[in-house]
Amino acid sequence: MSNAYVVDANVVVKLFVDEELSAQARALLGRLALPEPDQFFAPDLLLAECANVLWKYVQFYGYDVEMARANLADLADLAIQTVPVINLFQEAFELGHRLSIAVYDACYVTLAEGLGYPLVTADEPLVRRLAGEGLPVLYLGDLLS
């Protein structure tokens, strides 16, 4: 039986750069290759956010630019179903205002609420903030431990 999740950029980028919880991110998103794969969703801003993280790694940490380009190609090939942010941003603004969270984070939460699937994130402060509001959120470090 497959599961469905909304994943944010700080989970997905861990497929490409070694960070804390990278192994868990690879295990979670590796479920895309199962015979009955899990489903993953994200606002389309995920692509720009991941590209920006890779850019930062190239600019500031010596990450190989060709590797980053290959990572971007792999990112484009992932079977993560993206939803246009145009469908989310107004409600996300209201949620962000209400909870004092960034609108781009609120886009993921808005999508998760709308689909009825939990948001998986590696952002512990966001998890604490959302869990305190009873919103559907899972911490990546707890999901596969």
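Data for the structure
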| quantity | calculated |
| --- | --- |
| Ranking of Glu113, Glu19 by count of other Cβ atoms within 10 Å, fewest first | Glu19, Glu113 |
| Measure of compaction for the chain (Cα Rg per 2.2 N^0.38 Å) | 1.02 |
| Zero-based 5 Å bins, Cα pair distances in segment 1-86, whole percents | 3, 14, 25, 25, 18, 10, 4, 1, 0 |
| Full-extension gain in nm, Leu32 to Glu66, via 0.36 nm per residue minus C-alpha separation | 9.7 nm |
| Gaussian network model of the chain, springs between alpha carbon atoms under 10 Å - residue of Ala92, Ala42, Ala76 with greatest fluctuation | Ala76 |
| Candidates Asp64, Asp123, Asp105, ranked by Gaussian network fluctuation over the chain, Cα under 10 Å, top entry | Asp64 |
| Translational diffusion coefficient (Stokes-Einstein; Kirkwood radius from C-alpha pairs) of segment 61-133 at 4 °C, 1.567 mPa s, in µm²/s | 92 |
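Readers should treat all values here as calculations from the given coordinates under stated rules, not as data from a laboratory. From a predicted model like this one, the values you see are computed outputs, not experimental measurements. Reconstructed Cβ throughout: ideal geometry from the backbone, glycine too, with neighbour counts over all protein chains shown.
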